[in-house]
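Colleague: Provided herewith is a single structure, encoded as structure tokens, for subsequent inquiry.
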Amino acid sequence: MEKKKRIGLVAHDNCKKDLIAWLEWNWKNVSQHKLICTGTTGRLVEEALNRMQEQNCEMYPLNIIKLKSGPLGGDQQLGAMIAEGKIDIMIFLWDPMQPQPHDVDVKALLRLTVLYNTVTANSVSTADFIISSPFFNKEYKPKANDFASYINRSILV
């Protein structure tokens with residue numbers, strides 16, 4: 001992981017306000033990193049960060065990639081990026097009280113974050129701990145999982 005992180009941002013509809021409030025509180029720090037967002041979340045993130053920069057008369061070049069909406073494949077796009085090592089941190093505020101029409105995609109995305117040892121926050125509190133970590137703004141070498149034994153075993157079957 002390089003000093004400048006690649007941060008995936010996803011929030012279900014009932015959690016978008018919480019994500020935007022968290023970004024507004026942490027806008028200076030977050031603006032220094034590359035942000036990869038699904039659909040509507042990406043638009044809201046961009047609007048919030050531009051608004052915070054304008055209000056504080058501090059402009060930083062924003063690096064925001066907006067993928068498809070989650071139900072239209074955005075969750076799967078993020079999952080592919082995780083599998084390819086293109087996401088360092090995932091902040092995914094999901095709504096545990098609301099059934100999602102694309103629940104299987106949500107589960108698959110969360111599975112990949114664990115499989116590939118991706119730093120993941122599913123709540124604002126956890127996101128606070130991640131952003132306040134001394135590793136957030138410096139290089140970090142996470143443990144890479146070795147799938148060789150799994151691959152060799154599946155070839156033999």
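The values are calculated or read from the model by the stated rules, or taken from the named source; none is laboratory data. Note that the coordinates shown come from a computational prediction; the quantities given were computed from them, not determined experimentally. Positions of Cβ are backbone-derived with ideal geometry, glycine not excepted, and every protein chain shown enters the neighbour counts.
Colleague: Just to confirm my filter: which helices (runs of 4 or more DSSP H) fall fully inside segment 91-157 and include at least 2 residues that are at pLDDT below 95 and surrounded by 14 or more Cβ atoms within 10 Å (Cβ to Cβ)? Spell out the reasoning first.
Modeller: On the way: elements: 103-115, 124-131, 148-156.
Hits in segment 91-157: 103-115.
Colleague: Return yes when residue 68 is farther than 17 Å from residue 122 by Cα and outside any helix (DSSP H, G or I) and no when it is not. Working first, answer last.
Modeller: Details: farther than 17 Å from residue 122 by Cα: yes; outside any helix (DSSP H, G or I): yes.
So residue 68 fits the description; yes.
Colleague: Same structure, new question: Being of a type outside the set (A, V, I, L, M, F, W, C) and within 15 Å of the chain's Cα centre (by Cα) narrows it down to one of 17, 34, 3, so name that one. Give the steps one after another, and end with the answer.
Modeller: Values: 17 fails: within 15 Å of the chain's Cα centre (by Cα); 3 fails: within 15 Å of the chain's Cα centre (by Cα).
Answer to the check: 34.
Colleague: When you scan segment 5-30, how many residues do you find that are surrounded by fewer than 18 Cβ atoms within 10 Å (Cβ to Cβ), modelled with pLDDT of 95 or more and more than 20 Å from residue 110 (Cβ to Cβ)?
Modeller: Summing the residues that are surrounded by fewer than 18 Cβ atoms within 10 Å (Cβ to Cβ), modelled with pLDDT of 95 or more and more than 20 Å from residue 110 (Cβ to Cβ) in segment 5-30 gives 5.
Colleague: Continuing with the same structure: For residue 62, only one of the following conditions fails: (1) modelled with pLDDT of 95 or more; (2) farther than 20 Å from residue 98 by Cβ; (3) touching an Asp or Glu at 6+ places or on another chain (Cβ under 9 Å). What is its number?
Modeller: For residue 62, the failing item is (1).
Colleague: What tally of residues in segment 62-108 results from selecting those that are free of Cβ contacts under 8 Å to residues at least 40 places away in the same chain and closer than 29 Å to residue 32 by Cβ?
Modeller: Taking segment 62-108 first, the residues free of Cβ contacts under 8 Å to residues at least 40 places away in the same chain are 62-69, 71-73, 76-77, 79-80, 83-85, 96, 99, 101-108.
Okay, now just the ones that are also closer than 29 Å to residue 32 by Cβ, so 62-69, 73, 76-77, 79-80, 83-85, 106.
Result for segment 62-108: 17.
Colleague: Considering only segment 37-59, how many residues are part of a helix (DSSP H, G or I), surrounded by 13 or more Cβ atoms within 10 Å (Cβ to Cβ) and under 15 Å from the mean Cα position of the chain (by Cα)?
Modeller: Initially, segment 37-59 is screened for residues part of a helix (DSSP H, G or I), giving 39-55.
If we keep only those that are surrounded by 13 or more Cβ atoms within 10 Å (Cβ to Cβ) too, we end up with 39-42, 44-46, 48-53.
The next check asks that each one be under 15 Å from the mean Cα position of the chain (by Cα); those that pass are 39-42, 44-46.
The number of residues fulfilling the criteria is 7.
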